[in-house]
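The values are calculated or read from the model by the stated rules, or taken from the named source; none is laboratory data. Here the structure is a predicted model, which is why all the values come from computation and not from measurement. Positions of Cβ are backbone-derived with ideal geometry, glycine not excepted, and every protein chain shown enters the neighbour counts.
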Amino acid sequence: MPRANSPTAVLIPTRMMVGTRVNTFKRTPSAAPIKAPMPIGLGRSRGGFTSKVHCIGDARGRPLAFHLTPGEAADCKSYDTLIELPEQAPDALLADKAYDTDAIRADLKERGIKPVIPPKSNRTATIRYSKRLYRQRNCIERVLGHLKINRAIATRYDQLAESFLGMLYIASARYWIKFVHAA
């Protein structure tokens with residue numbers, strides 16, 4: 001079977017959704033806090049201040065959009081923001097167990113998108129999903145690993161969410177350049 005990134009791969013038009021935690025760099029006490037009412041996207045969790053980066057990607061694993069939430073926020077809260085892309089609707093959405101809610105499944109059914117989401121362990125009813133198709137979700141996980149090679153992404157130094165998202169888009173543009181040159 002050809003790899004998802006190879007040009008010979010036959011891919012079903014899918015979208016992949018994933019969230020990852022980013023640790024934040026602690027500021028020194030002498031650094032002046034920002035007084036403007038701008039969103040910072042930081043939240044306290046077990047490991048200290050963290051943020052979660054939610055990403056939606058295409059069938060080849062290329063990132064299309066990002067959403068930043070505080071570290072303690074649930075992954076499924078970012079679904080509404082990421083699913084509203086102004087392009088052709090995919091045939092399937094691949095996501096991990098964090099996106100397994102009845103509301104998300106109902107919305108995908110209404111849009112005519114097949115949910116490829118494994119059920120959470122606390123579900124009473126069994127939900128079937130394509131394990132063969134779900135295996136392709138590792139592409140988007142690897143993309144986030146490639147993006148975290150950048151020091152500014154792996155350890156968040158930016159205090160404002162807008163600055164950090166800007167760095168994410170610059171890093172993803174560097175990732176996309178490989179695909180532009182291959183075409």
Checklist outcome for this item: How many residues of the range 59-86 are free of Cβ contacts under 8 Å to residues at least 12 places away in the same chain and in contact with a strand residue (DSSP E or B) (Cβ under 8 Å, 6 or more places away or on another chain)? The answer is 1
Item to check | Lone unmet requirement of (1) touching a residue at least 60 places away in the same chain (Cβ under 8 Å); (2) part of a strand (DSSP E or B) for Ala98 | outcome: (2)
Checklist outcome for this item: Restricted to the range 69-93 and to residues being modelled with pLDDT of 85 or more and out of contact with any Ser or Thr (no Cβ under 6 Å at 6 or more places or on another chain), the residue farthest from Ser163 (Cα to Cα) is Asp91
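Quick check on my filter: what residues within the range 122-145 are under 18 Å from His54 (Cβ atoms) and crowded, with 17+ Cβ neighbours inside 10 Å? Steps first, please.
Residues of the range 122-145 that are under 18 Å from His54 (Cβ atoms), as a first pass: 137-145.
The answer is Arg137, Cys139, Ile140, Val143, Leu144.
Just checking, which of Ile104, Ile177, Ile153, Ile170 is assigned to a helix (DSSP H, G or I), aliphatic (A, V, I, L, M) and under 15 Å from the mean Cα position of the chain (by Cα)?
Working: Ile104 fails: under 15 Å from the mean Cα position of the chain (by Cα); Ile177 fails: under 15 Å from the mean Cα position of the chain (by Cα); Ile170 fails: under 15 Å from the mean Cα position of the chain (by Cα).
The unique qualifying residue is Ile153.
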Next on the checklist: Looking at Val180, Val116, can you tell me which residue is within 15 Å of Leu94 (Cα to Cα) and among the β-branched types (Val, Ile, Thr)?
Outcome noted: Val116
Next on the checklist: So, in the range 113-150, exactly how many residues are in a loop (DSSP other than H, G, I, E, B), farther than 24 Å from Lys178 by Cα and not hydrophobic (A, V, I, L, M, F, W, C)?
Outcome noted: 11
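Report whether or not Ala65 is at pLDDT 80 or above and not in a loop (DSSP other than H, G, I, E, B). Step through it out loud before you land on a result.
On the way: at pLDDT 80 or above: yes; not in a loop (DSSP other than H, G, I, E, B): yes.
Judged against the criteria, Ala65 is a match.
With the structure loaded, tell me whether Gln159 is buried (at least 17 other Cβ atoms within 10 Å of the Cβ) and not in a helix (DSSP H, G or I) or whether it fails that test.
Details: buried (at least 17 other Cβ atoms within 10 Å of the Cβ): yes; not in a helix (DSSP H, G or I): yes.
So Gln159 passes the test.
So which of Asp100, Asp107, Asp91 is crowded, with 17+ Cβ neighbours inside 10 Å and more than 22 Å from Gly48 (Cα to Cα)? Quick ask: steps written out before the conclusion?
Details: Asp107 fails: crowded, with 17+ Cβ neighbours inside 10 Å; Asp91 fails: crowded, with 17+ Cβ neighbours inside 10 Å.
Testing whether each residue is crowded, with 17+ Cβ neighbours inside 10 Å and more than 22 Å from Gly48 (Cα to Cα) leaves just Asp100.
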